[in-house]
Structures are given as structure tokens and as C-alpha cells.
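Q: For reference, the structure I am asking about is given below.
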2 protein chains.
Amino acid sequence: MSARFGFEILATDGRARRGRMTVAHGDVQTPAFMPVGTRAAVKGITIGQLGDLGADIMLANAYHLHLRPGDQAVAEAGGLHGFTGWTKPILTDSGGFQVFSLAGRRTVNEEGVIFQSHLDGSARALTPESVADIQARLGSDIAMIFDECPAWPVEHGGASSAMERTLRWARRGRDRFEALSAGQVPDVFRPTPGQAQFGIIQGSTFKDLRDQSVKGTVGVGFEAYAIGGLSVGEPSDVMYDIVGHTAEQLPAETPRYLMGAGMPNDLVEAVSRGIDLFDCVLPTRNARNGQLFTRQGAISIKNARYAGDLRPLDEACQCPTCRTHSRAYLRHLFMTGEMSSGILNTVHNLHFYLDTMGRIRKAIEFGIFENFAREFLDGYSRRHPD
Amino acid sequence: MSARFGFEILATDGRARRGRMTVAHGDVQTPAFMPVGTRAAVKGITIGQLGDLGADIMLANAYHLHLRPGDQAVAEAGGLHGFTGWTKPILTDSGGFQVFSLAGRRTVNEEGVIFQSHLDGSARALTPESVADIQARLGSDIAMIFDECPAWPVEHGGASSAMERTLRWARRGRDRFEALSAGQVPDVFRPTPGQAQFGIIQGSTFKDLRDQSVKGTVGVGFEAYAIGGLSVGEPSDVMYDIVGHTAEQLPAETPRYLMGAGMPNDLVEAVSRGIDLFDCVLPTRNARNGQLFTRQGAISIKNARYAGDLRPLDEACQCPTCRTHSRAYLRHLFMTGEMSSGILNTVHNLHFYLDTMGRIRKAIEFGIFENFAREFLDGYSRRHPD
């Protein structure tokens, strides 16, 4: 529980890295995909099913858990691990992205953000310090700083102010984190003493701002660094360009986390540019909408052509859904609105993402990542054969 | 697949029976609870999870599956077993109960029932013969006859007419079943050649009608017999009285199935009156509503008192939900509307029903059923301690 944060690079292939991140509750093999469990639950499956899928780490959201059930309640349950029964690593996002999405229901000043709860409309405030406290109580293995995440597109001036405020907040958030870690805030119960904290690089799609953000954030000093403010609507090639540009300036000896991305091809493209960690709601959200990922692209299971299709979703897939059920049955469950549709689809999509990361790791180990990436992107970009 | 229907009584204790029913796809240890998978899916869990819970047999509904995806489509997938991936026994209810519930949208005559589909309003007809054909195509191990199930309360005259029509329909349904079994209906594909057919006793809460119904239905001759038309709103003591009265007139050498019941105490009461098979939507439906069964009665998980309660739902329960999660977490999932709330609650409630049946079977084997029943009913009827 008090293991120090660590990151060991086991192999590299071009700019792609195969590593092992060590946090308080265990190891995470990288590149890694982190399933999103916003409210301490991954939508569509149980904690047990998430474990069966072989996920090394789960994401949760400080903003949502602060509102419900409350971070103090989670602390009293032994932190998120005691509360959920998930024994492996957990990363908590600060909720900056969520709060800034409450356009019209929040005001930002230098101190922090005042907003209306999306649940009961009550006035709430979040500051870099209070977000550090919330995450300390949640007891995640990795806490993200509270940042200002501008929408896209944004003018250079607006992106610059948000980036500079994020830097000032990073300093304040780190100071609070260090005071918490040093036991100087006795009224905040910290179920995970070995918690690490990641900084977040902002600057939208402006390279000069990304450069300033990297310099300033690394100057504050965190266990590792994330690239925020991408995958918010900008074109893919712009995202890849900014990811590549930013990643290569970040310290090589610690993991790089691309927040909120993305489609399967985005993961491969970002790994080739030196990214180690990912999270995204797409596999779980699309599963519930009947959008299923395969190596040959995505399938919409409600399509009438699958009504009599007795083949598995993906012949090559080893997940419980594909090993047990036909496309015809999965379509029937979706069309009749059965809960098991969401469960089986979520199991498949998360398996696909986690399995893709496993194949990426193997490809880097064997020094064949470039070839793997080309074949993957070629197969994935084709129109699904049926 | 072509095993003949069989039933062996392994032990008796009073009127309670411990048996083994053999159908085409395997054995069912009785007394047994059959989880309800109306549309070829048990609401809230996957086929794999149903197997993990140790269920011997699943229920499905001919009416619902006839409408969607269609019995011909299911036949082409290899019947319900091929369609769902569930390899153990399946019983299909005829849908009589569902059709007669469509008050105002159906007309009954001697030939059968004409009704409007609840899906698209299209006119459809079901007859004793077509329902036998539908179930032949579905390939269930056990097909129920098409019966007329009156609402409760009902006058003696109305109950009598429905019972007598059910008898005439039983004769027609059996004739069709025998023709199907003898291969005389070549255009109906039968994925499960060893399918059995159960008759249904009607007569509402009138003992004289139940007597006539037993005599007539046994006269037609089926592999086994069910008691229908109960658990439809009548008081518990009336139900128990009719169950006891009817069960003791049914042949001892074949299973007795009480349709649609019930609460956990109903199961114990009915076993003590000689019932072997049960089905009910309560464990799955109540799970989704946050009503959880324990040996000390039912819990409403949304109750505020569980917000900080770190104990398992039921200390004595060995289900995955109770072994992994606290009441506090289960309440959080329910209050936030997470899908995993429905999954975890369904797993628990079905485990409770299946485990209760296992304890009933053991008690009969050991000749201590009367004592078990008294303790169970005593514990269950008390107000839950918290």
C-alpha cells in the first residue's frame, strides 16, 4: 500500500515503449488501457467481470464521487478499494473536465470553480487544494491535478490563459498533495498512503502553448504527466501531431498518459508517438448502443443482416461473448432491450480494447510494432466485410 | 438429445419429495426453481452468469419468442439451445397466461385466441396446435400446453368454462404434440426430438373444478402436470389450500409444477404439499427494483440506513455479490442507476432462490424437512433486523 511510484521501461521500438508502472495497489503493464468507472463502477459490468477481463487498473472520477456518495463516505469505507471491492490500481480524474463542461452553471476565478451540482442544483466549489483532498480521501493510486480544460476550438488567447491558470493550479495542487503526503493535514483521512499525483499538460492545439505547459508542469514536478485537452473534437491528424510533439518533450523515464482517447486506431497511433496510458468511454458507451469493435472495424449489431447470422461477432475473439453467443442472439438481445445485451457487448468491447493493448505490448517486445501498427490500421480502416 | 422423459424419486419426507427429472438436455434436481428467461434471456444477467449460479433449467416464453425473433428463426439457429448458447434443459411456457392478460386486445373462441401483438398491433392467432408447433420449433425440453387462464377473482361459472375449454385444448394440443413426435408434421423442424409436454390443471380456487381438471388432464395423459391459475392475486392460505388439494390427486410418479409462484416462503409451503418445480419473476424483477432476499426477510437496498453499512447484504450468503461488495456499495450503485446494480442484485436474488432449493433438497434427503421448513418460515417472516 505504501509502495513508491515506479516505472520501468522493459523494451522500446521506435518511440513506442513497453513498460511496467508500479503504484500502491500493484503493477500496470504498459501501454495500458484503463476502463472508465466514473462513479466507482464500469457501466455495464461488475467489478468481478472487470477483473475477469484482466484489466490492471480502473478509472474513477473525483467530481462525481464527491457529489455521490461523497468522498468522506468513501474514505470511511476504506477508500475506493474498500468501497468497491476492486483490489487493483485505481486512477482518479480530478473532475476538471466535467466541471468545465457545465457551461452556464459554473464560474471560474483564480481561486477555483464555483458550480451547481448536476444532481440537486446546490452550489459547490472546487479548488486545486480541495480536489487534492477529495482524491486523498478516495484513496486512488493516482490522483490527477485540477486543471482548466478549454473547449475546442479555442483562440490562442483563451488557450493560453487556461494553460497558465492550469500551471498555477498545478503548483497549488502539488503543494497540497505534498502536505497531505507528509501527514500535515491530519483531518483528511488518506486510505492509500502511497498515492501518486500526475500533472496535466494543456495548451489546446497550439504547439507553443504545449511547450510552455510542459516546461512549467515538469518544473513543478509530478510522478508522471498527462496530455489533456485533446480528443475533444479536433481532427485526428491534429491530435496525432500535438500528441507526438508534446510526448517527445515529456521526461522519458516516467509514463505519459493521453487523457480521453480514443478509437482503437487512436491508441495505436498514440503508442507509436510514445504514449503509455489511455482511458476512454467509447468501448463501454458504444457497447450499450450496440456498436461493437472488431479487428475489421465496428459492427452495428442492430443491423437486420445479423438476424440470422449464427457466427460469432468476431471469429478471432476469445472473449466470453464471442465464445458463447452468435450475432443473431446478440441482435435479439439488443432489439428486445434485454440488460444482458449491454453486459455482453461491454464484455466484448472492453476485451477488444484490453486485448489490443496486449497485442501492442507483445509487438513492442518483439520489435515488430511498426509492422503491427500498419496491419492493424489497415485492417481497422477497411469497411467491415459484413 | 433424444433421452426419454424420466423422473426418479430419491427420497420423501412427509409429502415433500426429493427427485431427479431427466429431460433431453440433462437432469434437473428437484425440488427445483427455474429462473425465468421470457425472451430467451434472464433479465439482468447473461447465460454464462446463469450457468455460474448453478441453475439446472431455464424458462422461456413461446408467446414472446413467437413474436420476436420468431420461432422459425430460433429453429434455424438450432432451437433455443443453439440460439442462446444455454446447453442445459429449457422449459417453454405456452404464453396462454400472457395472451389472456391482453384484456381488450384479444378475442377467444373455441378454435383459439386472436390477439393484437403488443409490439406492432398486428393481428395474430394462437391455437393449441400452433402453440405446440411453435414450441417444437423452439426446441425446448418441456413444452406447456396452451391453456385458458382466468383472472382472479372469477365466478364458478367462468372458472368452469375456462377449465373445460383448457381440457378440450389439452386434448388437441396433445394430439398435435404426438403427431409432431411421430414425425407426421414434416414442415415443422424440431431441434429437440426428445421434447416432453406438460398438461396444466385449471379451476381457479374451486376444489370441485380442480378435481375435474385433474381427472380430465390426467385422462389425456402427459409426461407431467402443472398447477396453473394460482399466484394471481388470491390470498396465500387459499393458494396453499388449493395446491395441497390438487397436488395429492396428481400422479405420484411424475413431477408436479406450480406455475408462477412465488415468494421464498411460498416455495417452502408448496414443497411441503408435494410440489417439485417452480418458476417466478420475483427474484429477478425485485432485484432490479432494489428488493433483496435474505434468510431474515427482504431488504430494500435504497434505504438510507445502508449508506454507511460496510457489511455484506447477507453474512451467510456465498454469492459473488455478498462475497465482494458491501451494502454501502450496492446502495450507491442503485442510487446512481448503474447497470451493475441490476446485475449484482439479480445474481444475489437468484442465488438465494437456488440456494434455498438446495437446502430444501438436503433437508428432504436427511429427513428433517419439517424442522427446516419451520425454521425457514420463522426466520423469513420476522421483520428484517436492519
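Q: Express in whole angstrom the spacing between the alpha-carbon centres of the stretch B:138-208 and the stretch A:166-204.
A: 70 Å
Q: Another question, then. Out of residues 5 or more away from B:Arg256 or on other chains, whose amide H comes under 5 Å of its own, with H placed 1.01 Å from N in the peptide plane?
A: B:Asp276, B:Leu277
Q: If Lys and Arg each add +1 and Asp and Glu each add -1, what is the summed charge of the other residues whose beta carbon sits under 13 Å from the beta carbon of B:Ala261?
A: -3
Q: Which percent of the accessible area of the stretch B:198-259 is formed by carbon and sulfur heavy atoms (probe 1.4 angstrom)?
A: Result for the stretch B:198-259: 50 percent of the exposed heavy-atom area is carbon or sulfur.
Q: Any chance you could check the Cα centroid distance between the stretch A:288-359 and the stretch A:223-259 for me, in angstrom?
A: Using only Cα atoms to place each centre, the spacing works out to 31 Å.
Q: To continue, here is another question. Kindly write out, for the stretch B:249-264 in residue order, the coupling ³J(HN,Hα) from the Karplus curve 6.51 cos²θ - 1.76 cosθ + 1.60 (θ = phi - 60°), rounded to whole Hz, with x marking Gly and Pro.
A: Taking θ as phi minus 60°, the curve returns 8, 6, x, 6, 8, 9, x, 10, 10, 9, 7, x, 9, x, 6, x Hz for the stretch B:249-264.
Q: Around A:Glu8, under 12 Å between beta carbons, what's the net of Lys plus Arg minus Asp minus Glu among the other residues?
A: 0
Q: Please give the peptides A:225-232, A:243-250, B:82-89 ranked by average Cβ packing (other Cβ atoms within 10 Å per residue), highest first, as a rough proxy for protection.
A: A:225-232, B:82-89, A:243-250
Q: Could you pull out every Cys in chain A that lacks a partner Cys with its beta carbon under 4.7 Å away?
A: Lacking a cysteine Cβ partner under 4.7 Å: A:Cys149, A:Cys280, A:Cys319.
Q: Taking all pairs of different Cα atoms in the stretch A:298-386, averaging 1/r and flipping that mean, what Kirkwood radius in angstroms comes out?
A: Hydrodynamic radius (Kirkwood, Cα only) of the stretch A:298-386 equals 14.3 Å.
Q: Rank A:Met339, A:Met357, A:Met34 by mean-square fluctuation in a GNM of chain A with C-alpha springs under 10 angstrom and give only the top-ranked residue.
A: Judging by the Gaussian network model, the answer is A:Met339.
Q: Restricting to bridges with both residues inside chain A, how much of the DSSP beta-bridge set is antiparallel, in percent to the nearest 5?
A: Given both bridge residues lie in chain A, the antiparallel proportion sits at roughly 50 percent.
Q: Could you work out which residue, out of B:Gly112, B:Gly297, B:Gly308, moves most in a Gaussian network model of chain B, that is, has the largest mean-square fluctuation with Cα springs under 10 Å?
A: Highest fluctuation of the listed residues: B:Gly308.
Q: May I pose another question? How far is A:Arg323 from the same spot in each other copy, in nm, shortest first, if each label point sits 7 Å from Cα toward Cβ?
A: Computed spacing set for this position: 1.8 nm.
Q: For Cα pairs less than 8 Å apart in space and 6+ apart in sequence, what is the mean separation divided by the residue count of the stretch B:110-191, i.e. the relative contact order in percent?
A: Across the stretch B:110-191, relative contact order equals 32 percent.
Q: Under a 10 Å cutoff between Cα atoms, tell me which one of B:Asp208, B:Asp147, B:Asp276 has the largest fluctuation in the Gaussian network model of chain B.
A: B:Asp208
Q: A follow-up question, please. Rounded to the nearest 5, what % of the DSSP beta bridges within the protein assembly as shown are antiparallel ones?
A: Taking every DSSP beta bridge within the protein assembly as shown, about 50 percent pair in antiparallel fashion.
Q: What percent does the relative contact order of the stretch A:270-386 come to when contacts are Cα pairs within less than 8 Å and at least six residues apart?
A: Normalised by residue count, the contact order of the stretch A:270-386 is 31 percent.
Q: Leaving out ligands, DNA and RNA, what percent of the accessible area of the stretch B:1-115 is carbon and sulfur, probe 1.4 Å?
A: 48 percent
Q: Among the lysines, which fall within straight-line cross-link reach of A:Lys207, defined as a Cα-Cα distance under 16 Å, with same-chain neighbours fewer than 8 residues apart omitted?
A: The reachable lysines, counting only those whose Cα sits under 16 Å from A:Lys207, are A:Lys215.
Q: Here's another thing I want to ask about it. In percent, how large is the relative contact order of the stretch A:52-202, given Cα pairs closer than 8 Å and 6 or more residues apart?
A: Computed value for the stretch A:52-202: 26 percent relative contact order.
Q: Another question about this same structure. Convert each backbone phi in the stretch A:351-366 into a coupling constant with the Karplus relation 6.51 cos²θ - 1.76 cosθ + 1.60 (shift: θ = phi - 60°), then list the ³J(HN,Hα) values in order as whole Hz, x for Gly and Pro.
A: 4, 4, 5, 5, 5, 4, 4, x, 5, 4, 4, 4, 4, 5, 4, 8
Q: Computed on protein heavy atoms with a 1.4 Å probe, what is the summed buried accessible area for the chain pair B and A, in Å² to the nearest 100?
A: About 2800 Å² of accessible surface is lost on pairing.
Q: How big is the C-alpha Rg of the protein assembly as shown next to the rule-of-thumb value 2.2 N^0.38 Å, as a ratio?
A: Ratio of Rg to 2.2 N^0.38 Å for the protein assembly as shown: 1.09.
Q: Moving on. State, to one decimal in nm and shortest first, how far the label point of B:Lys215 sits from each corresponding label point in the other identical copies (label point: 7 angstrom along Cα-to-Cβ).
A: Those label-point separations list as 10.2 nm.
Q: When ligands, DNA and RNA are left out and all protein chains stay put, how many square angstrom of accessible area per residue does the protein assembly as shown have with a 1.4 Å probe?
A: With the other protein chains kept in place, the protein assembly as shown gives 36 Å² per residue.
Q: Further question on the same structure: Which whole number gives the average count of other chain Cβ atoms within 10 Å of the Cβ atoms across peptide A:322-331?
A: 4
Q: What is the antiparallel percent of DSSP beta bridges lying wholly in the stretch B:21-97, to the nearest 5?
A: Counting only bridges with both partners in the stretch B:21-97, antiparallel ones make up about 40 percent.
Q: Distances from A:Val281 to the same residue in each other copy, label points 7 Å out along Cα→Cβ, in nm, shortest first?
A: With the label placed 7 Å along Cα→Cβ, A:Val281 yields 3.1 nm.
The values are calculated or read from the model by the stated rules, or taken from the named source; none is laboratory data. Here the structure is a predicted model, which is why all the values come from computation and not from measurement. Reconstructed Cβ throughout: ideal geometry from the backbone, glycine too, with neighbour counts over all protein chains shown. The protein model used for the area step is the full one, side chains on, heavy atoms only, and it has no ligands, DNA or RNA in it. Shrake-Rupley method; radii C 1.70, N 1.55, O 1.52, S 1.80 Å.
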